[in-house]
Each structure stands twice: as C-alpha cells, then as structure tokens.
1. Report the Stokes-Einstein translational diffusion coefficient (µm² s⁻¹, integer) for region 12-126, Rh taken as the Kirkwood radius over Cα pairs, at 20 °C with viscosity 1.002 mPa s.
2. Could you tell me what percent of the DSSP beta bridges with both partners in the chain are antiparallel, to the nearest 5?
3. In debye, nearest 20, what is the charge dipole magnitude of the chain about its Cα centre with +1 on Lys and Arg Cβ and -1 on Asp and Glu Cβ, if you could check?
4. On a straight-distance basis, which aspartates and glutamates could pair with Lys319 in a cross-link, Cα separation under 17 angstrom, same-chain partners fewer than 8 positions away excluded?
5. Kindly identify the chain as rounded, prolate or oblate by the Cα gyration tensor criterion: order the square roots of the eigenvalues as a ≥ b ≥ c, call it rounded if a/c is under 1.5, otherwise compare a/b with b/c, prolate if a/b is larger, else oblate.
6. Taking a cut-off of 21 Å, what percent of all Cα-Cα pairs in region 56-215 are separated by more than that?
7. Only loop residues by DSSP count here, and only those with at most 16 other Cβ atoms within 10 Å; note down the trypsin sites (Lys or Arg not before Pro) in region 141-223 that meet that.
8. In nm, what is the difference between 0.36 nm times the number of residues separating Tyr225 and Ala33 and their Cα-Cα distance?
Amino acid sequence: MNELHATAKALVAEGKGILAADESSGTIAKRFAAIGVESTEESRRAYRDLLFTTPGAEQFISGVILFDETIRQRSADGTPFPGLLASHGVIPGIKVDRGAKPLALSEGETVTDGLDGLRERFAEYRSLGARFAKWRATYSIGGGRPSEYCVWVNAHALARYAALAQEAGLVPIVEPEVLMDGSHSIEESALATGRAQQALYTELHDQRVDFRGTILKPNMVLSGYDASGRAGIDEVADRTLEVLYRHVPAAVPGICFLSGGQSDEDATAHLNAMVQRGPHPWELSFSYGRALQAPSQHAWLGRTENVEAAQHAYYHRAKMNGAARAGAYAAALESVPD
Ligand code: 13P
C-alpha cells in the first residue's frame, strides 16, 4: 500500500479519531478568554502540552492537527511536539490554510486563503514531522447563501491544496464546513452541505487527487442553532448520512466530522447514531476541536494544580468518542468512572 493510503487508514483506525488542536492564535485567545487565561506563547504551549501528554489518550486518538506555532514548540522535557506525539503512535498533522477571508464581490461570503508558497511550506512541515494536513472552507446559510460562486471557488482551492499535499506526501483532510449559525431548517442545511460536497469531489477528481489518500472532514447536517423545533439525534443521523451517501465516493477511506459548536455530548451521540446505522463504505469518525477540549479547558483554568483534572476531562471525552466509533456509546457511560 502506498504511504498516503496507509496514513489515511491509520487516521481512521478502529476506535480512534483525530484531535483538532490547531486553533489559530486568534481562536485560542478567544477560548482562553472564556476561562480567564491570557493567551501567550507559553500559556498556549503549556495547554497543548497537557493535552499531548495525557496518559492513555492514544488509545482513542490517532492523530493531532497542530497549528504552525505548535508544530515548532516542545514539551516541558524538551521533546518537540511532533516527536512526542509520534512516540505514542499518534500521527502529527498541520493546519495549512490561512483562514477564511471575505470573498470579492460577494457580500457575506468567504474564500479560504493560503495557496501562495504552499509547496514550500509543505516541504518544511514534512521535515518537521507532519504526515497529514488540514484546509477548512466555510459557507453560511441564508439570504441566498451559499452562492454557486462561493461553493466553486472554495472547492477549487480545497482541491489545489489537496493535490499539493499529496505531492508532498501528506494526507489532505478536506474540510468544507457549512456553518450552523442561524435559524435555517435542517432541509436547507442538507442542501447546502450536499452542494459543497458535490463541488468538492468534482474538483478533487479533476485535479487528479487520489481519493484513497484523503480524509473528508464535514459538518453534520443540523437544524440552524437558532431554529425552532430543532431536529433530534435520529433525524440528524439520517439526514447527514443521506447527504454523504449521495456525494462522497466509496474510495474515500474515512469521514471525520467536525463538532462545529455542538455540545460535547451531542457530538458524541450523533456520531454514535450514524455508526450504528452501518456498515458504511467509509469509516465514520471524529476530528473534534471544541467537543474534545471544552471540558478540559474549563477544568484547567490556566493553573498547574489543575493539569491532572484537565487531562482527565480530555481523556474522558476521547474515550466517549472512541466508544461512539464503534456505536457503543450510551449517555449512561458519561458517569461511569474511567
Ligand atoms: P470544532 O470541532 O471545534 O468545530 O473544530 C474542528 C476544526 O478543526 C474546525 O476547523
């Protein structure tokens, strides 16, 4: 098997998923502000260190997505983070996009930046130990959005990134995220999600990307967060699967959902319900940021004496999502001591 196929398969190994710890400096500052912690290079390093040194997390975590600053940082004992992760059998990854920027001539829409110089950046990231990468595009719903223009320019950029990643020997995670802010219905969410995925797979195909060496990181199909009568777990699972079956080629080895602002337990329960409806052509897994880290951040509060409690909170969420990977999660497991 070639290296890309092997890495992609390893990222969706049985019982495991991905930790998205690739918050940009702005995003992590927001998360830290919510717990009263000042965001400095050292506080960000210390926080990521506690996650990456959590004993036993590697039972449930196959890979970690890092930010540019983090891939260059070290654990307290001086070990570079990528080497630390690899020593636990966890695959280091890197976020390479430079964020969603206003899309020219299209009010309220964005296109993701970061293609300039990307070939050279990939070469450096590979030498730093990264074996997979992530690029996120965002789309909002409402007022005629997302436009065809927005859907296609983002798909084109995602595919350009994916081809460069594969050329450099890194597995591209392609992340078309339809945002769930707003009062839209679950039907609108399904439609927008399907359009984004359809354009993405057209561009990936046309740009010669090898699907077997990729991972899809999609949103789940939810009712808008401000909608009334929001869809429950079973409907979310059915609608999300319907879209995926329509648009995602069977050659794609794995689909690792983002959590996108859902509650921790909803993100776990939704994944669990989808796995239970299997078998599916692809592995269904997680690549959560907030839904894996929120309890840990609230336990930590920036204090050394809370590190153990924070690690336990992270371990617990990783374990719950590991159970969901097999369709073996139940809310009752939340209170069973780890
Ligand atoms: P969330 O799970 O917090 O949505 O983050 C995942 C991610 O990597 C977004 O790009």
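1. Answer, rounded: 137 µm²/s.
2. In the chain, approximately 15 percent of DSSP beta bridges are antiparallel ones.
3. Computed about the Cα centre, the dipole is about 540 debye.
4. Excluding near neighbours in sequence, the set is Glu14, Glu58, Asp264, Glu265, Asp266, Glu308, Glu334, Asp338.
5. rounded
6. So the portion of pairs separated by more than 21 Å is 50 percent.
7. Filter output for region 141-223: Arg208.
8. Going from the current span to full extension adds 66.8 nm.
Any read-out appearing in this document is the output of simple, stated calculations on the displayed coordinates, not a laboratory observation. Since the structure is predicted, the reported quantities are computational estimates derived from the model, not experimental observations. As a convention, Cβ positions derive from the backbone with ideal geometry for all residues, glycine included, and neighbour counts pool all protein chains shown.
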